[in-house]
Amino acid sequence: MVVLENLNKKITEGDVVHNYFYRLVKSQISVSMYDEVTKVQAYGIEIERQDTVSGIVECIQRDSVLNISPQRHKVKELFKMVYENTVSPIHMIDILGEYIDDYTSDFDEMLNNIVTC
C-alpha cells in the first residue's frame, strides 16, 4: 500500500483534541481470470482519528478500505467527501458502503477491457 495523498483536520472539544488523518492509498490486487493471474491497480481510503488530552494520545481509531475502485478519480471524490464531512473511522463503512458496492463493477469493466485488447 502506498499513500498518495494525506489530509489532516483538528477538532477541539473541551480539553480533548481529535486529530483526523485521511489517506488516499494505492495498492495492487491479483485477479485470476482464465487460469491467468492479472495484477490490477486499486485505490482506497484510510481514516485515522487520534484523541489527545494535554498532548497525550488517549485513543487511536483506524479503518480502511483498500480496494474501492481501479479508477482513481472516483475514489478521490469519496476521499474529498469524507474529509469535508469529518467522517470518523467508526462511520466510514456506513457512509461509503453503497459507493463501494457500486464501484466493484469497475474491476469487472477493467478486466473485460484487458481481455478484449
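Within the stretch 86-117, being under 12 Å from TYR22 (Cα atoms) and of a type outside the set (A, V, I, L, M) holds for THR86, SER88, PRO89.
Sort out for me the strands (runs of 3 or more DSSP E) sitting completely within the stretch 1-90 that have 1 or more residues that are within 21 Å of LEU111 (Cα to Cα).
On the way: elements: 2-13, 16-33, 36-53, 56-69.
Hits in the stretch 1-90: 16-33, 36-53, 56-69.
Can you confirm whether the stretch 86-104 contains a residue that is touching a Ser or Thr at 6+ places or on another chain (Cβ under 7 Å) and open to solvent by less than 90 Å² (accessible area, probe 1.4 Å)? Scanning the stretch 86-104 turns up at least one residue that is touching a Ser or Thr at 6+ places or on another chain (Cβ under 7 Å) and open to solvent by less than 90 Å² (accessible area, probe 1.4 Å).
Restricted to the stretch 73-85, and to residues there that are under 12 Å from TYR20 (Cβ atoms) and in contact (Cβ under 8 Å) with a residue 12 or more places away in the chain, the residue that is least open to solvent (accessible area, probe 1.4 Å) is VAL82.
The values are calculated or read from the model by the stated rules, or taken from the named source; none is laboratory data. Here the structure is a predicted model, which means the values were calculated and not measured. Cβ atoms come from the backbone with ideal geometry, glycine included; neighbour counts cover every protein chain shown. These area figures cover heavy atoms from the full protein model, side chains too; ligands, DNA and RNA do not enter into them. Shrake-Rupley method; radii C 1.70, N 1.55, O 1.52, S 1.80 Å.
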